[in-house]
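Asker: My structure is below; once you've seen it, I'll send some questions.
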Amino acid sequence: MTMTSGPLSAATLELLFPGTEAADHERILHAVEAVDAVCPSGNAVWEWSPDHAAFPGTDAPGVPEILLKEIPLYDADSEWLGLEFDVEWTEDGELKVCVAVGVACWCEVNHGTHYGDSLNVPVGGSTSLAEAFEAAAAKLTTWLGGSRDPEWWRNLAGLPSRVAGMSGGE
Ligand SMILES: [Zn+2]
């Protein structure tokens, strides 16, 4: 799968979401700018996959992501915290916009990433893609104003703490 990266533009949105209108692109770019503005590094980089602009079906392995942004908040000493924003296809060929707080796993078995919190906004019915972007961006902005401590997010989600994880030995 080919991912392209850079700042988002109306042209890119037209490519990724065929059938959406200029007014939608404007709202989406506003939501995107709001997210970029509050990123700690001020980084405006997004990744996207034009291959997934059309629903690729369910035969291909992995989640068909169309657009993705990762915002690392903390990464040191085997401990990390980061936010994700992505637009992907559901198994039914519907779009959804997802945001999540990814946090390091300190379970006895290392599962990799856990979600301290997440929000999935399905597109369709009365919810337009632009509305889904706005809802997801608002949630992500709220998280960015919150704790940057991975342990705080694990506690919130009821996940094993790092202290407990370390007592089992390295
Ligand atoms: Zn785990």
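Asker: If you check every pair at least six apart or on different chains, which have Cβ atoms under 9 Å apart with a residue in region 81-108 that is closer than 21 Å to Ala31 by Cα first and a residue that is assigned to a loop (DSSP other than H, G, I, E, B) and within 16 Å of the ligand (Cβ to nearest atom) second?
Answerer: Short answer, once both residue conditions are applied: none.
Asker: To continue, here is another question. Determine which single condition Ala130 fails, assuming it passes every other condition in (1) at pLDDT 95 or above; (2) within 16 Å of the ligand (Cβ to nearest atom).
Answerer: (2)
Asker: Restricting the search to region 109-136, which residues are of a type in the set (Ser, Thr, Tyr) and without any contact (Cβ under 8 Å) to a residue 12 or more places away in the chain?
Answerer: If the condition is that a residue be of a type in the set (Ser, Thr, Tyr) and without any contact (Cβ under 8 Å) to a residue 12 or more places away in the chain, then Thr113, Ser126, Thr127 are the ones that fit.
Asker: Given the criteria in contact with a strand residue (DSSP E or B) (Cβ under 9 Å, 6 or more places away or on another chain), at pLDDT 90 or above, among the aromatic types (Phe, Trp, Tyr) and farther than 30 Å from Cys107 by Cα, does Phe85 qualify?
Answerer: no
Asker: Go through region 59-104 and count every residue that is more than 16 Å from the chain's Cα centre (by Cα) and under 26 Å from Val123 (Cα atoms).
Answerer: Adding up the residues that qualify gives 7.
Asker: Kindly indicate whether Glu151 is in contact (Cβ under 8 Å) with a residue 24 or more places away in the chain and either outside any strand (DSSP E or B) or more than 16 Å from the chain's Cα centre (by Cα) (or both).
Answerer: So Glu151 does not fit the description; no.
Asker: I'm checking my understanding of the structure. Among residues of region 115-141 that are of a type in the set (S, T, N, Q) and more than 18 Å from Glu70 (Cβ to Cβ), which one is surrounded by the fewest Cβ atoms within 10 Å (Cβ to Cβ)?
Answerer: Going through the qualifying residues, I end up with Ser126.
Asker: Looking at this structure, is Thr142 more than 16 Å from the ligand (Cβ to nearest atom) and not acidic (Asp, Glu)? Explain how you work it out, then say what you get.
Answerer: Working: more than 16 Å from the ligand (Cβ to nearest atom): yes; not acidic (Asp, Glu): yes.
Yes: the conditions hold for Thr142.
Asker: With the checklist (1) farther than 18 Å from Trp143 by Cα; (2) in contact with a helix residue (DSSP H, G or I) (Cβ under 9 Å, 6 or more places away or on another chain) in hand, flag the one item Lys69 doesn't pass.
Answerer: For Lys69, the failing item is (1).
Asker: Scan region 99-119 residue by residue and report those that are of a type in the set (S, T, N, Q), within 12 Å of the ligand (Cβ to nearest atom) and part of a strand (DSSP E or B).
Answerer: Within region 99-119, Thr113 is the sole residue that qualifies.
Asker: Pro122: closer than 25 Å to Ala34 by Cβ, away from the ligand (no atom under 16 Å from the Cβ) and either within 19 Å of the chain's Cα centre (by Cα) or of a type outside the set (A, V, I, L, M) (or both), yes or no?
Answerer: Details: closer than 25 Å to Ala34 by Cβ: yes; away from the ligand (no atom under 16 Å from the Cβ): yes; either within 19 Å of the chain's Cα centre (by Cα) or of a type outside the set (A, V, I, L, M) (or both): yes.
Considered against the rule, which asks whether it is closer than 25 Å to Ala34 by Cβ, away from the ligand (no atom under 16 Å from the Cβ) and either within 19 Å of the chain's Cα centre (by Cα) or of a type outside the set (A, V, I, L, M) (or both), Pro122 comes out as yes.
The values are calculated or read from the model by the stated rules, or taken from the named source; none is laboratory data. Since this is a predicted model, take the numbers as computed values, not measurements. Cβ: placed from backbone, ideal geometry, glycine included. Neighbour counts: every protein chain shown.
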